[in-house]
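A.B. asks: Following this message is one structure expressed as structure tokens.
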Amino acid sequence: MQIQVDFKGEGPVAGAIDSGQRQSVTARALESLRQRLSEETWAAGDRLPSEPALAKEMGVSRVSVRGALAQLEAEGLLTRRHGSGTYVNSVRPLVRSLHLNIGSDELIRTRGHIPGIAEMSWRHEMADGETAGRLAIDVGDPVLHLYRVRTSDGAPVTVSHDYLSAALIPDQPLSLGPSLYAFLSTVCGIEVNFGIASLEPTVVTETLASIFGARPGELCLVVKQVDYDQAERPVSYSVEYHLSSAFDFQLVRQGPSSPGARTA
């Protein structure tokens with residue numbers, strides 16, 4: 001197959017290049033765009049220049065730009081909206097990958113949407129068996145239960161329950177903001193070092209349906225996570241219900257050529 005390619009400052013190339021050469025040009029365009037994303041030339045939610053503008057700037061054809069954008073979209077870094085343009089999901093690769101511990105606000109923001117909270121409340125209660133086991137405390141010990149309904153562009157997409165031992169909270173009036181991690185850091189003096197999560201597929205219940213505005217039985221992802229500090233002590237336990245249609249989670253698996261990888 002023969003194909004013509006236009007380069008910056010030139011008309012149609014005299015002659016033609018084959019598909020292998022075109023692939024090489026696309027690869028260069030992909031690397032250029034990937035570098036600009038890693039350097040945070042564009043922020044999450046930004047709209048990229050048009051395909052013709054990018055092609056002119058990089059000195060490649062629109063075909064090569066289109067191929068590079070398609071690859072970045074497949075990796076979850078970009079979203080292409082028909083009639084609107086191409087938007088940045090994240091300025092850091094894999095920010096929506098399951099191996100990174102980020103808050104719901106950032107998760108929503110990397111999709112190019114505006115995060116918010118439709119409902120938030122907290123109360124003191126006694127730890128049940130599951131919560132006590134996760135937090136390494138005794139059943140009946142006092143815990144703080146934080147309940148939040150998070151939104152994406154105003155639409156509810158996540159319901160979260162967070163629990164932490166009351167022993168970690170200073171004896172002062174509570175001022176809980178939208179970020180539990182910020183509260184733990186600034187008020188409790190605790191920095192979360194890592195989290196261990198389990199994921200379970202389920203369906204939207206009647207109660208969740210009334211919150212999400214969805215149909216009962218729609219797919220939902222439950223994420224149960226325990227966060228730990230630097231000394232590997234459990235700090236908080238969270239149970240989050242994510243409306244599946246609103247999120248695109250990814251799991252990154254290194255190839256067999258990666259260091260330490262073994263053949264299956």
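The values are calculated or read from the model by the stated rules, or taken from the named source; none is laboratory data. Not measured: the values here are computed from a predicted model. FYI the Cβ positions are ideal-geometry reconstructions off the backbone, even for glycines, and counts take in every protein chain you see. Heavy atoms of the whole protein, side chains included, go into the accessibility calculation; ligands, DNA and RNA do not. Shrake-Rupley method; radii C 1.70, N 1.55, O 1.52, S 1.80 Å.
A.B. asks: Which order do the peptides 50-56, 64-70 take when ranked by the mean count of other beta-carbon atoms within 10 Å per residue, highest first?
C.D. replies: 64-70, 50-56
A.B. asks: Accessible area per residue of segment 106-175 at 1.4 Å probe, in Å²?
C.D. replies: 50 Å²
A.B. asks: Within 11 Å, Cβ to Cβ, of residue 184, how many net charges do the neighbouring residues add up to if Lys/Arg are +1 and Asp/Glu are -1?
C.D. replies: -4
A.B. asks: By per-residue mean of other Cβ atoms within 10 Å, what is the highest-first order of 79-89, 233-243, 144-154, 194-204?
C.D. replies: Packing order, densest peptide first, comes out as 233-243, 144-154, 79-89, 194-204.
A.B. asks: What net charge is computed for the residues neighbouring residue 119, neighbours being all others with C-beta under 13 Å from the C-beta of residue 119, Lys and Arg scored +1, Asp and Glu -1?
C.D. replies: +2
A.B. asks: How much net charge surrounds residue 194 when only other residues with a Cβ under 11 Å from its Cβ are counted (Lys, Arg +1; Asp, Glu -1)?
C.D. replies: The answer is -4.
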